[in-house]
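Data first, discussion second: the structure below is written as structure tokens.
Read-outs throughout are calculated quantities, based only on the coordinates presented, and are distinct from any laboratory measurement. All of these numbers come straight from a predicted model, not from anything done at the bench. Neighbour counts are summed over all protein chains in view; Cβ atoms, including those assigned to glycine, are modelled from backbone coordinates with ideal geometry.
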Amino acid sequence: MTAVDLRSPTARRGAVRRSRLLNRLTIGWNVAEGVIAVAAGIMAGSVSLVGFGLDSGIEVSAAVILAWRFGKEKRPGCMADFDRLATRLIAVSFAVLAAYVGVESLRDLVGHRAPETSVVGIVLAAVSLLVMPLLARAKRRLAPVLGSRAAVSEANQTSLCALLSAVLLVGLGLNALLGWWWADPGTGLFIATLAGIEAVRTWRADALADTCCS
């Protein structure tokens with residue numbers, strides 16, 4: 001059997017096509033997830049659930065940025081400048097999330113604001129924990145063929161969403177089962193910290209070797 005050249009134009013076009021499909025799935029899923037999480041978080045007074053919903057919004061913005069980046073594939077020549085700009089925009093989206101959730105979490109901790117139990121949030125976090133790792137893995141497999149650091153960064157955003165689902169599930173569970181109100185803003189601070197780390201990491205990331213393939 002003849003090996004497939006992952007750097008060939010045919011392989012690249014196929015990877016772009018599959019990445020666009022995954023991108024649309026990401027946008028659709030996260031729009032629904034974000035609306036449900038924010039609504040449930042506001043009703044329960046849960047900063048971690050609202051933060052999770054906002055992360056879904058950031059994931060949508062990252063997917064839209066990546067869609068813009070894929071649109072540049074129609075142009076001839078090097079994609080490095082477009083890819084670098086897309087990567088920086090994704091980094092900024094991480095930073096915005098970190099700042100907002102961090103401030104709100106600290107306010108809840110200082111003010112001793114106890115959230116209500118959110119069954120909807122628990123179910124949402126559990127389902128997201130199942131879906132997001134599969135989506136992130138599929139995206140990450142395509143990134144080397146695309147030679148796109150922006151694609152890697154967006155896949156990292158999806159992986160972060162999966163991790164946040166697990167963290168959120170623990171925080172909401174502790175509040176529901178043991179009445180540990182501080183677990184919710186504590187979870188929010190953890191979300192903010194991870195988002196801040198990812199913002200710095202994404203901003204500093206180097207371009208992939210094949211970014212100039214077109």
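For the reader, a short list of remarks on this structure follows.
- Charge tally in the Cβ shell below 10 Å around residue 202, where Lys, Arg are +1 and Asp, Glu are -1, residue 202 excluded: +2
- Local net charge near residue 38, Cβ-Cβ under 14 Å (Lys/Arg +1, Asp/Glu -1): -4
- By the count of other C-beta atoms within 10 Å, a proxy for reagent exposure, 24, 69, 88 are ordered fewest to most as 24, 88, 69.
- The base-10 log of I(q)/I(0) for the stretch 9-204, evaluated at q = 0.12 Å⁻¹, reads -0.56 [Debye formula, identical scatterers on Cα atoms, solvent excluded].
- Pairwise Cα distances in the stretch 131-208 exceed 19 Å for 47 percent of all pairs.
- Fewest-first ranking of 43, 132, using other Cβ atoms within 10 Å as the exposure measure: 43, 132
- Near residue 104, once Lys and Arg are set to +1 and Asp and Glu to -1 for all other residues with Cβ below 12 Å from its Cβ, the sum equals 0.
- Footprinting exposure proxy for 198, 116 (fewest neighbouring C-beta atoms within 10 Å first): 116, 198
- Extreme residue, positive dipole direction of the stretch 9-204, given options 45, 186, 15 (C-beta unit charges): 15
- With both labels modelled 7 Å from their Cα along Cα-to-Cβ, the residue 96 to residue 193 distance reads 2.5 nm.
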